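Colleague: For reference, the structure I am asking about is given below.
The values are calculated or read from the model by the stated rules, or taken from the named source; none is laboratory data. Please read these numbers as outputs of a predicted model, since none were measured by experiment. Cβ coordinates were reconstructed from backbone atoms using ideal geometry, including for glycine residues, and neighbour counts include every protein chain displayed. The accessibility values were calculated without ligands, DNA or RNA, using every heavy atom of the protein model including side chains. Shrake-Rupley method; radii C 1.70, N 1.55, O 1.52, S 1.80 Å.
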Amino acid sequence: MPPRKIVFLILLSLVFFGTADTAFAQPLDPLFVAALGQTKKTWSIVMLDPAADGPEYITDDQYDEVSPVVSADGRYIVFLRGSFSTNDPLKYYVLDRSCLPKCQPQALPDAVNQMADLRWSPVGAQLVAWGMDNAIW
């Protein structure tokens, strides 16, 4: 049998049967999404953890909370909070997961709400955004 055919058959068998060695498998990180709250009247930030029994609601059903962005270490979550039923503008809030459930989300300064593409720095707990003045802040 030609070597190309042998390699093809090996690759094909790996596709169908997977690999036998799972020692290098990485555990999946939790995923944070916006989902309908428990009352189904507002949107909440929800953590989906493959190692947990089910979804964990991070925020309550008092406001609509969407667009979660998690810091590199997973400790902080920035999200937009407001009310879809009143058409009030959404504003950025930050939540420190290390103090849950006793702490509340804190509003970010108004200047942050004028920025676009808010993201966490990959090397710490600093936020990076594109400002209205075409500068990175």
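Colleague: Filter region 61-81 down to residues that are under 17 Å from D96 (Cα atoms) and in contact with a Ser or Thr (Cβ under 7 Å, 6 or more places away or on another chain) and give me whichever is most open to solvent (accessible area, probe 1.4 Å). Let's see the steps before the verdict.
Modeller: Keep residues of region 61-81 that are under 17 Å from D96 (Cα atoms), which gives 65-81.
Cutting the leftovers down to in contact with a Ser or Thr (Cβ under 7 Å, 6 or more places away or on another chain) gives us 65, 75, 79-80.
Working: E65: 0, R75: 95, F79: 1, L80: 32 Å².
Ranking the qualifying residues of region 61-81, first place goes to R75.
Colleague: Residues D88, D117: which one is assigned to a strand (DSSP E or B), open to solvent by 30 Å² or more (accessible area, probe 1.4 Å), at pLDDT below 90 and more than 22 Å from L48 (Cα to Cα)? Walk me through how you get there before you give the answer.
Modeller: Working: D88 fails: assigned to a strand (DSSP E or B).
Matching residue, one of D88, D117: D117.
Colleague: Go through region 105-127 and give me each residue that's of a type outside the set (S, T, Y) and either farther than 16 Å from P68 by Cβ or in contact with a Gly (Cβ under 9 Å, 6 or more places away or on another chain) (or both). Before you say what the answer is, go through the steps one by one.
Modeller: The initial filter retains those residues of region 105-127 that are of a type outside the set (S, T, Y), namely 105-120, 122-127.
Once the filter is applied, which keeps residues that are of a type outside the set (S, T, Y) and either farther than 16 Å from P68 by Cβ or in contact with a Gly (Cβ under 9 Å, 6 or more places away or on another chain) (or both), region 105-127 yields P109, D110, A111, N113, Q114, M115, A116, P122, V123, G124, Q126.
Colleague: Hey, another quick one. Would you check which residues across region 64-89 are among the aromatic types (F, W, Y) and in contact with a Pro (Cβ under 9 Å, 6 or more places away or on another chain) and list them? First the steps, then the outcome.
Modeller: To start, the set of residues in region 64-89 that are among the aromatic types (F, W, Y) comprises 76, 79, 84.
Of everything in region 64-89, just one residue is among the aromatic types (F, W, Y) and in contact with a Pro (Cβ under 9 Å, 6 or more places away or on another chain), namely F79.
Colleague: Only residues that are of a type in the set (K, R) and farther than 14 Å from L127 by Cα: list them for region 57-111, please. I'd like the intermediate steps shown before the answer.
Modeller: Within region 57-111, the subset of a type in the set (K, R) is 75, 81, 91, 97, 102.
Listed by number, the residues that qualify are R81, K91, R97, K102.
Colleague: Hey, another quick one. Taking A34 and the conditions (1) of a type outside the set (S, T, N, Q); (2) at pLDDT 80 or above; (3) surrounded by 13 or more Cβ atoms within 10 Å (Cβ to Cβ), which numbered condition does it fall short on, given that it satisfies the others?
Modeller: (2)
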